[in-house]
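Enquirer: Got a structure for you, written out below as structure tokens; questions coming shortly.
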Amino acid sequence: MKRLAETKLKLKTTVVAVFIANEENSAITGVGVDALVKAGLLDKLKGGPLFWIDTADKQPCIGTGGMIPWKLHVTGKLFHSGLAHKAINALELGMEALKEIQLRFYKDFPPHPNEQVYGFATPSTMKPTQWSYPGGGINQIPGECTVSGDVRLTPFYNVKDLMMKLQEYVDYINENIGKLDTRGPVSKYILHDENIRGSLTLTFDEAMAGVACDLDSRGFHVLCKATEEAVGHVKPYSITGSLPLIRELKDEGFDVQTAGYGLMATYHAKNEYCLLSDMCQGYLVFASIIAQLED
């Protein structure tokens, strides 16, 4: 942008740079690209391609995953570990319930045929990433715990459908809690004498949809040609990592294409870094894109 301003080139196209501004701190709202979209200030740019520069490894990233964070709160009954028959072990219930949920998820959301077309490294996944409980002695069977994790959903599935399905799984398990596998001869999830049942509660944090870029658009073709010229080869790829806003932008009518010139190997590393040589190639890519769009 600086060189365009310095050289005062007369272009047929308009080149606009928009800063994301708050991606790494979503607590700050009302700034950056999301605020501009909400205010309609980017609407005039729908006539040309939109290049979202926030991926890595110098190649076009043509697909991203949705990210659906979830929490599964498990309620059992706390009791002394020497009297296990009087407890409902929330940890065991959580393990078995999660196993059932995952089995159902992978049956309902199997690898999609388009994932091969887009070169996704993985299909959709649903897994725990955190586990917590209130604490207590080693001789106490815990009466509650919370399992948290996320679903990474390829863009060929609908996020709302996924969330409804997960809730259906949990509702079914709650209704049939006594049918879950147990862990040993006195492990149970219903205490009939006390009329106590174990239970699950599912909640979600803010979800994000993935995107499949348009592989027939002008934006994609000029990005591929520019990458081949500057880098020496072009190999588009897809991952189930997630990017904010780009699905919404695509749904709004933008020709969204994504690329980036950092290193995927150092994503969120303690000392995250990039190579100046890669950034120089990125400069050449965009010089080529601008030149191609003049034709």
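Enquirer: If you scan the stretch 80-102, which residues turn out to be among the hydrophobic types (A, V, I, L, M, F, W, C), closer than 19 Å to residue 131 by Cα and part of a helix (DSSP H, G or I)?
Expert: 90, 91, 93, 95, 97, 98, 101
Enquirer: Just a yes or no: is a residue in the stretch 241-257 of a type in the set (Asp, Glu), under 26 Å from the mean Cα position of the chain (by Cα) and part of a helix (DSSP H, G or I)?
Expert: yes
Enquirer: Here's something else I'd like to know. What pairs can you find where one residue is in the stretch 117-145 and within 22 Å of residue 197 (Cβ to Cβ), the other is in a strand (DSSP E or B) and among the basic types (Lys, Arg), and their Cβ atoms are less than 6 Å apart, with a gap of 6+ or different chains?
Expert: 143/77
Enquirer: Can you name the number of the only condition in (1) at pLDDT below 95; (2) touching an Asp or Glu at 6+ places or on another chain (Cβ under 7 Å) that residue 180 fails?
Expert: So the condition that residue 180 fails would be (1).
Enquirer: Further question on the same structure: Would you be able to say whether some residue in the stretch 217-227 is within 26 Å of residue 68 (Cβ to Cβ) and basic (Lys, Arg)?
Expert: Checked the stretch 217-227: no residue is within 26 Å of residue 68 (Cβ to Cβ) and basic (Lys, Arg).
Enquirer: Which one is farthest from residue 156 (Cα to Cα), of the residues in the stretch 79-121 that are out of contact with any His (no Cβ under 8 Å at 6 or more places or on another chain) and charged (D, E, K, R)?
Expert: Filtering the stretch 79-121 for residues that are out of contact with any His (no Cβ under 8 Å at 6 or more places or on another chain) and charged (D, E, K, R), the one farthest from residue 156 (Cα to Cα) comes out as 92.
Enquirer: Right, next: Could you list, in sequence order, all residues of the stretch 258-295 that are outside any helix (DSSP H, G or I), over 22 Å from residue 213 (Cβ atoms) and out of contact with any Gly (no Cβ under 9 Å at 6 or more places or on another chain)?
Expert: 268, 269, 270, 271, 294
Enquirer: Okay, moving on. Please go through the stretch 216-238 and give me each residue that is within 21 Å of the chain's Cα centre (by Cα) and surrounded by fewer than 21 Cβ atoms within 10 Å (Cβ to Cβ), ordered by number.
Expert: 236, 237
Enquirer: Checking the condition polar (S, T, N, Q) and touching a strand residue (DSSP E or B) at 6+ places or on another chain (Cβ under 8 Å), which residue from 55, 29 passes? It would help to see each step written out before you state the result.
Expert: Working: 29 fails: touching a strand residue (DSSP E or B) at 6+ places or on another chain (Cβ under 8 Å).
Going through 55, 29 in turn, the sole match is 55.
The values are calculated or read from the model by the stated rules, or taken from the named source; none is laboratory data. Since the structure is predicted, the reported quantities are computational estimates derived from the model, not experimental observations. Neighbour counts run over all protein chains shown; Cβ positions are idealised from the backbone, glycine included.
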